[in-house]
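One structure below.
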Amino acid sequence: MTEPRFKGTASPKSHYNMSKIRSKDTSIELILRKALWKKGIHYRKNYKEIPGSPDIAITKYKIAIFCDSEFFHGKDWEVLKPKLEKGSNGDYWVKKIERNIQRDDEKDKQLLFEGWIVIRFWGKDITHNLDECIRVIEETIFDVLMGMDLLYY
């Protein structure tokens, strides 16, 4: 018999909030995808053909893009972890987020091994600095194109 993933009880408010969190088509993904589409950059969403099913995959250039929420992917983990440990269900959240961080690292390594370029953006970077995120992607595409040109000499 398997152990339940969550031990303890969640308040109705917590339960409701958690039920609204999406794993695909999040607001940050939609913002970034819309901006890429406007720039004429074609992509696949939640591309299952490669490890980790990146939120956005620019297959032509082998670029995998992940849009990570700060909480669930452990931004500033050294600061967040002690706060979570003091809160209710601290053990659960610390284990969950540490496993997410570990899984992200494993996915990145696997994708790099398979020749993909991995880009990760924090949600706040997408919402507050969208132009900068697009610039990073465009420069990465440019770098790939320049590398391709070198192959033909």
Sequence neighbours fewer than 8 away in the same chain don't count; with that in mind, list the lysines whose C-alpha is under 17 Å from K45. K24, K34, K60, K62, K107
Simple spin-label estimate for H42/T127, 7 Å along Cα→Cβ, in nm, reads 3.3 nm
Mind checking the dipole of region 52-92: about its Cα centre, +1 per Lys or Arg Cβ, -1 per Asp or Glu Cβ, Debye to the nearest 20? 180 debye
Under the Karplus curve 6.51 cos²θ - 1.76 cosθ + 1.60, θ = phi - 60°, whole-Hz ³J(HN,Hα) for region 71-78, x wherever Gly or Pro sits: 5, 6, 10, x, 5, 6, 4, 5
Measuring from its Cα centre, region 25-146 shows a charge dipole (+1 at each Lys and Arg Cβ, -1 at each Asp and Glu Cβ) which, in debye to the nearest 20, is 360 debye
What distance in nm separates the simple spin-label points at T59 and R103, each placed 7 Å from Cα in the Cβ direction? 2.4 nm
Starting with the fewest neighbours, write out S69, S27 ranked by other beta-carbon atoms found within 10 Å of each beta-carbon. S27, S69
Among Q102, S88, L130, whose Cα lies farthest out toward the positive end of the dipole of region 49-153, if unit charges sit on the beta carbon of Lys, Arg (+1) and Asp, Glu (-1)? S88
How would you classify region 25-146 from its alpha-carbon gyration tensor, with a ≥ b ≥ c the square roots of the eigenvalues: rounded for a/c under 1.5, else prolate if a/b is greater than b/c, otherwise oblate? prolate
Relative contact order for region 25-146 using alpha-carbon pairs under 8 Å, separation at least 6, rounded to a whole percent? 29 percent
Whole-Hz Karplus ³J(HN,Hα) for region 29-36, in order, using 6.51 cos²θ - 1.76 cosθ + 1.60 and θ = phi - 60°, x for Gly and Pro? 5, 4, 4, 5, 4, 4, 5, 5
When a footprinting reagent is the concern and you count Cβ atoms within 10 Å, what order do Y92, Y61 take, fewest first? Y92, Y61
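Each value in this text was obtained by applying a stated rule to the coordinates, not by laboratory testing. Remember, it's a predicted structure, so these values are computed and weren't measured experimentally. Ideal geometry is used to build each Cβ from the backbone, glycine not excepted, and the neighbour counts take in all protein chains shown.
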